[in-house]
Amino acid sequence: MDTVHLEKDFQEKIDQEIKIEPKDFMPDAYRKTLVRQISQHAHSEIVGMLPESNWIGRAPSLRRKLGLLAKVQDEAGHGLYLYSACETLGVDRESLIEQLHEGKAKYSSIFNYPTLTWADIGAIGWLVDGAAIMNQVPLCRCSYGPYSRAMIRICKEESFHQRQGFEILLTLSRGSEEQKEMLQDSVNRWWWPSLMMFGPHDKDSPHTAKSMKWKIKRFSNDELRQKFVDVIAEQIKILGITLPDPDLSWNEERGHYDFGPINWDEFWDVVGGNGPCNKQRMHDRVTAHERGAWVRDAAIAHAEKRATRKAISKAS
Ligand code: BYC
C-alpha cells in the first residue's frame with residue numbers, strides 16, 4: 001500500500017477509536033510527537049522526585065515520612081513506565097536521558113521551583129498532582145496503546161497523591177496561626193506555576209491542533225486549565241484560605257471561574273532554563289545518574305552471567 005493510503009487508514013483507525021500499537025504503520029510526525037511528549041513526561045516524573053525528596057529527611061512524623069517516601073518512589077515508577085512506552089517507538093532510553101542531561105530535552109516547568117516549607121509538600125500533592133491528573137486522565141484515552149495503558153496506572157497513583165497532599169494541607173488549616181500562615185504562603189507560591197503546567201494559551205500552542213486530530217490530546221491546554229481552576233476554586237473553601245488572584249470570580253454566564261492573567265514571561269524563562277532551580281535540578285540529576293552507574297553495570301554483568309550459564313546448560 002502507498003503512503004497516502006496508509007495514512008488514510010491510520011487516521012480512520014484513530015477516528016474509530018482503535019488504538020495504534022508499536023508495530024502498526026504510523027506517520028513519522030505522529031511518532032515524533034509521541035516521542036517528544038512521552039519523553040518530556042518521563043523526564044518530568046524523574047526530575048519531579050527532587051523537590052519532594054528534599055523533605056523526606058525532615059517530614060514532621062514517621063507517618064508523613066512513609067507517605068512521602070512512597071510517593072517519591074511512585075514517581076520513579078511512573079518515569080520507568082513512560083521511558084518503556086517511549087522505547088516502543090524505536091528510541092533508546094540512554095539517548096533520551098542524555099538529551100535531558102545535556103539540557104536539550106524539556107521537562108515540566110513546575111519542578112524548577114523550590115520547596116521551602118513542609119506545606120509545599122502538601123501544595124505539590126494538591127495543586128501539582130491535581131493539575132497533572134486533570135491533564136493526564138484524558139491521556140488514558142490517547143490513541144497510542146502503550147502510552148494510554150501506562151497512563152491508566154499512573155493516574156490511579158496520582159489520585160492517591162493528590163488526596164495525600166490535600167490531607168496535609170487540611171491538617172495545617174486546623175493547626176496554629178503559624179501553620180495557617182505557612183499554608184497560605186505555600187499556596188500563594190505554587191498557584192501560578194501550577195496553572196503554567198498546562199502549557200501556553202491555545203493560540204500560542206504549536207502542537208495542540210495536530211495532537212488533537214491524532215487523539216493524543218483530547219482537550220486543549222486552555223480547556224484543561226479552566227477545568228482545574230473551577231475545581232480548585234471550590235476546594236480551597238474547605239481550607240479556609242484564598243488563591244492569590246484578585247480577578248478570580250464566578251462568571252454566571254460562562255458557567256466557569258474567571259481568573260487573572262498568567263505571567264508568560266516567567267513561564268518561558270523557566271522553560272528556557274532560567275527558573276529558580278533549573279541548574280540545581282540538572283546538577284542533582286546528572287550526579288544521581290553518575291552515582292548509579294555501578295548499579296547499571298552490575299545489572300548488565302549479572303544478566304550476561306545468567307545468559308552464559310543458560311547457554312552452557314543448554315549445550316551440555
Ligand atoms: N513545562 O504546543 P504546546 C507530573 C512546551 S509530570 C515545560 O502546548 P504540547 C508530576 C512544550 O513541550 C508533569 N515545557 O505542547 C510528576 C512545547 O515545546 P517543544 C508533566 C512546556 O505538547 C511528579 C512548547 O512548550 N506532564 O505530572 O501540545 C510529581 C509548546 O507547547 C510546558 C506531562 O508531561 C511546561 N509546563 O502540550 C507530580 C503530560 N508546557 O516540545 C506530578 C504530558 C508546554 O515544542 N504532556 N511546554 O520544544 C502534555 O500533556 C503536553 O505535552 C503539554 C504541552 C500539555 C505539557
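The values are calculated or read from the model by the stated rules, or taken from the named source; none is laboratory data. Values in this document were obtained by computation on a predicted structure and should not be read as measured data. Cβ coordinates were reconstructed from backbone atoms using ideal geometry, including for glycine residues, and neighbour counts include every protein chain displayed. The accessibility values were calculated without ligands, DNA or RNA, using every heavy atom of the protein model including side chains. Shrake-Rupley method; radii C 1.70, N 1.55, O 1.52, S 1.80 Å.
Key figures
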quantity	calculated
Residue that is most open to solvent (accessible area, probe 1.4 Å) [pool: residues in the stretch 202-215 that are near the ligand (Cβ under 9 Å from one of its atoms) and part of a loop (DSSP other than H, G, I, E, B)]	P206
Extreme residue, farthest from the ligand (Cβ to nearest atom), among residues of the stretch 30-46 that are out of contact with any helix residue (DSSP H, G or I) (no Cβ under 7 Å at 6 or more places or on another chain) and not charged (D, E, K, R)	Y30
Qualifying residue in the stretch 110-133 (condition: away from the ligand (no atom under 15 Å from the Cβ), touching a Ser or Thr at 6+ places or on another chain (Cβ under 8 Å) and open to solvent by less than 10 Å² (accessible area, probe 1.4 Å))	yes
Residues of the stretch 124-154 satisfying the condition of being among the charged types (D, E, K, R) and under 13 Å from the mean Cα position of the chain (by Cα)	D129
Qualifying residue in the stretch 27-41 (condition: over 30 Å from N112 (Cβ atoms) and either surrounded by fewer than 19 Cβ atoms within 10 Å (Cβ to Cβ) or without any contact (Cβ under 8 Å) to a residue 40 or more places away in the chain (or both))	yes
Residue in the stretch 4-20 that is within 12 Å of the ligand (Cβ to nearest atom) and either farther than 19 Å from S143 by Cβ or open to solvent by 20 Å² or more (accessible area, probe 1.4 Å) (or both) present	no
Positions within the stretch 99-109 being in contact (Cβ under 8 Å) with a residue 12 or more places away in the chain and within 11 Å of the ligand (Cβ to nearest atom), in sequence order	A105, K106, Y107, S108, S109
Per-region count, the stretch 47-66, residues more than 12 Å from the ligand (Cβ to nearest atom), open to solvent by less than 40 Å² (accessible area, probe 1.4 Å) and hydrophobic (A, V, I, L, M, F, W, C)	3
E266 vs. criteria surrounded by fewer than 19 Cβ atoms within 10 Å (Cβ to Cβ) and more than 23 Å from T208 (Cα to Cα)	no
Residue that is most open to solvent (accessible area, probe 1.4 Å) [pool: residues in the stretch 67-80 that are more than 12 Å from the ligand (Cβ to nearest atom) and touching a helix residue (DSSP H, G or I) at 6+ places or on another chain (Cβ under 7 Å)]	L69
Lone unmet requirement of (1) touching an Asp or Glu at 6+ places or on another chain (Cβ under 6 Å); (2) open to solvent by 30 Å² or more (accessible area, probe 1.4 Å) for S186	(2)
Selected residue (criterion: most open to solvent (accessible area, probe 1.4 Å)) from residues of the stretch 134-146 that are in a helix (DSSP H, G or I) and aliphatic (A, V, I, L, M)	M134
Residue within the stretch 155-163 that is among the small types (G, A, S) and more than 18 Å from the chain's Cα centre (by Cα) present	no
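Residue by residue, here is whether (1) within 26 Å of L69 (Cα to Cα); (2) touching a residue at least 24 places away in the same chain (Cβ under 8 Å); (3) in contact with a Lys or Arg (Cβ under 8 Å, 6 or more places away or on another chain) holds:
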position	(1), (2), (3)
W190	yes, yes, no
K203	no, no, no
A209	no, no, no
W214	no, yes, no
F228	no, yes, no
V231	no, yes, no
E234	no, no, no
L243	no, yes, no
W250	no, no, no
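Here is a yes/no grid of residues against (1) outside any loop (DSSP other than H, G, I, E, B); (2) of a type in the set (S, T, N, Q); (3) surrounded by 14 or more Cβ atoms within 10 Å (Cβ to Cβ):
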residue	(1), (2), (3)
F219	no, no, yes
E223	yes, no, yes
Q226	yes, yes, yes
A233	yes, no, yes
I238	yes, no, no
I241	no, no, yes
D245	no, no, yes
E253	no, no, no
